[in-house]
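One structure is given here, and the rest of the page talks about it.
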Amino acid sequence: MLAIIPARYGSTRFPGKPLADRTGKYLVQHVYERVAAARRVQRCLVATDDLRIAEAVRSFGGQAVLTRPDHPSGSDRIAEVVAGLSGSAEDVILNVQGDEPEIEPEYLDRLVARLEVSENCPMATLACPFPAAGDPHDPNCVKVVCDRAGRALYFSRSPIPYPRQGAGAAGYLLHLGVYAYRRSFLLSFAAWPPGVLEQIEKLEQLRALENGFSIAVEIVPRAFVGIDTPQEYEQFVKRWQAEHGRTVSV
């Protein structure tokens, strides 16, 4: 099974994020190693629009592929890579964002397994119970609601379902932005223009729902912390230092 990590240089809130290296490893290297540790992953690639990131990946022995810089989403970026590789229509492609250095390899195995048994879903993703300390009104925390079969009904930056009579964070599911696709579906997905809902919410997975396709949702116990800002990276460095018993330079 092929895993692809989309990693771009021009993050609005944290430019050059994949190359942050205060732990002694590039941020994208932490992600690469976690993804490669999943039992179901046979091959791992980084898809990037920047030669500096590609060279960094190759420096630690990883594989990188340069892509166009104008993709609207990570899914579109990895589709460019997949289109240039041989494979069958039912091959599973895993998409893990390049800012998830603490992702659990076991969760990736569960995601792949969920897609394999979901015959009517060409795409799958992860979610978890909303953290008790989290704020469901935070637009950076994407919520998902599912039907009884565990398929996504909708994803939103707004609180869904709306708690008309009041409800705590326990009433929500937090979406975790990791995806698995069947190869043929991914290539079709990238050929569709971004939909209206996708453009409003800035959520790529809504393109699948808008085109009438189902997304299977695998519920895992807890969230992993993504890195969106320099402040979040600093917290990751502190956690890594505490876990490994090392002091990192400023």
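Numbers at a glance
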read-out: Selection within the stretch 113-127 - surrounded by 21 or more Cβ atoms within 10 Å (Cβ to Cβ) and part of a helix (DSSP H, G or I); value: 115
read-out: Test: residue in the stretch 232-239 that is assigned to a loop (DSSP other than H, G, I, E, B) and either without any contact (Cβ under 8 Å) to a residue 24 or more places away in the chain or more than 18 Å from residue 96 (Cβ to Cβ) (or both); value: no
read-out: Number of the exception - residue 209 against (1) hydrophobic (A, V, I, L, M, F, W, C); (2) surrounded by 20 or more Cβ atoms within 10 Å (Cβ to Cβ); (3) not in a helix (DSSP H, G or I); value: (3)
read-out: Pair list, Cβ under 6 Å, 6 or more apart: the stretch 123-149 residue more than 16 Å from residue 160 (Cα to Cα), other residue charged (D, E, K, R); value: 124/114; 126/218
read-out: Options 68, 52; residue that is more than 19 Å from the chain's Cα centre (by Cα), surrounded by fewer than 16 Cβ atoms within 10 Å (Cβ to Cβ), in a helix (DSSP H, G or I) and of a type outside the set (Ser, Thr, Tyr); value: 52
read-out: Selection from the stretch 73-105 of residues that are more than 14 Å from the chain's Cα centre (by Cα) and in a loop (DSSP other than H, G, I, E, B); value: 84, 85, 86, 87, 88, 89, 90, 91
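Read-outs throughout are calculated quantities, based only on the coordinates presented, and are distinct from any laboratory measurement. In this text, all values refer to a predicted model and were calculated from it rather than measured experimentally. With ideal geometry, Cβ positions are generated from the backbone for all residues, glycine too; neighbour counts draw on all protein chains shown.
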